[in-house]
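For reference, the structure discussed in these notes is given below.
The values are calculated or read from the model by the stated rules, or taken from the named source; none is laboratory data. The model shown is predicted, which means the values in this text are computed figures rather than measured ones. Heads up, the Cβs are rebuilt from the backbone with ideal geometry, glycines too, and the neighbour counts pull from every protein chain shown.
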Ligand SMILES: [Zn+2]
Ligand SMILES: [Zn+2]
């Protein structure tokens, strides 16, 4: 028996970090501890219990299996339930799942839980100054991507030269002295077929773009289309116009040969784009032995 050690892969992004495990059909979970959220929950690794918000893109088992476990473990540890934000049409079936699990476990009401139905363009507040904005993607089940955005209030340029007391006066008089400024941090479409994400400024300008690329094999284009996934052949079009500092490839299949995959990317993308790409997970996690 070959024992494979399970470990999240860690990427430092400056003011925040990302820790994840993402292999197509197996498990997809990417934690952003400093942003108090997780992109999908996978099978709910221990580390995922520490964030208070789960941004669930869709219901496929590799992304969503850990939902009941997340709530049950948090109840067990005596911490508040936390919130799972999911496409609005998933809330009812997720409620049913919690109720069914309570019956499976043979106890009364379901573990404390909270689901919030997400709709395209309706921001969900993670905490003051930090929101998750759902956006449309193309997948085979109801699905939404999420972009986590740092929202700040900046003093309008015309007031920059004023003194403290003058600013206080203006505030008292009810003058709007600040502008809302958005700094998109992480954009994650989850599973998706190709789409023009550069049309969405908050996605195109996010510091990090977590992009699925499930298939790299030339013979798998049809499989990618059928399952509504991305194929490496789609990347040149999809990444054109994307301004992200980091493009992180996630959700590759276990069969992917990482050295080949990197070579393919180098060949098919302009250097300026290829230079910004990393893989969430290295070959020791991905490749079949
Ligand atoms: Zn998946
Ligand atoms: Zn899926």
*With the condition kept exactly as written, say whether any residue in segment 233-253 is surrounded by fewer than 13 Cβ atoms within 10 Å (Cβ to Cβ) and on the phi > 0 side of the Ramachandran plot.*
yes
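Quick grid of which residues meet (1) over 18 Å from the mean Cα position of the chain (by Cα); (2) more than 16 Å from ligand 2 (Cβ to nearest atom):
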position	(1), (2)
141	no, no
146	no, no
153	yes, yes
166	yes, yes
170	yes, yes
179	yes, yes
201	no, yes
*Any idea which of 260, 272 is more than 16 Å from ligand 2 (Cβ to nearest atom) and either at pLDDT 95 or above or assigned to a strand (DSSP E or B) (or both)?*
272
*Enumeration of residues in segment 23-71 that are out of contact with any helix residue (DSSP H, G or I) (no Cβ under 8 Å at 6 or more places or on another chain), within 18 Å of residue 208 (Cα to Cα) and in a loop (DSSP other than H, G, I, E, B)*: 36
*Which pairs do you get when a residue that is closer than 14 Å to residue 67 by Cβ, found in segment 91-109, comes within reach of a residue that is exposed (fewer than 11 other Cβ atoms within 10 Å of the Cβ), reach meaning Cβ atoms under 8 angstrom, with the pair 6+ apart or on two chains?*
102/108; 102/109
_segment 111-153: number of residues that are closer than 20 Å to residue 205 by Cβ, within 16 Å of ligand 1 (Cβ to nearest atom) and assigned to a loop (DSSP other than H, G, I, E, B)_ = 1
*Among (1) within 26 Å of residue 24 (Cα to Cα); (2) more than 15 Å from ligand 2 (Cβ to nearest atom), the one test that residue 80 misses*: (1)
_In segment 1-11, residue nearest to ligand 2 (Cβ to nearest atom) [restricted to those that are in a strand (DSSP E or B) and farther than 24 Å from residue 133 by Cβ]_ = 9
*Flag if residue 42 is within 12 Å of ligand 1 (Cβ to nearest atom), modelled with pLDDT of 95 or more and crowded, with 23+ Cβ neighbours inside 10 Å*: yes
*Which condition breaks for residue 211 when tested against (1) surrounded by 15 or more Cβ atoms within 10 Å (Cβ to Cβ); (2) more than 16 Å from ligand 2 (Cβ to nearest atom)?*
(2)
*asked:* Every residue in segment 72-88 that is under 19 Å from residue 146 (Cβ atoms) and exposed (fewer than 15 other Cβ atoms within 10 Å of the Cβ), please.
replied: none
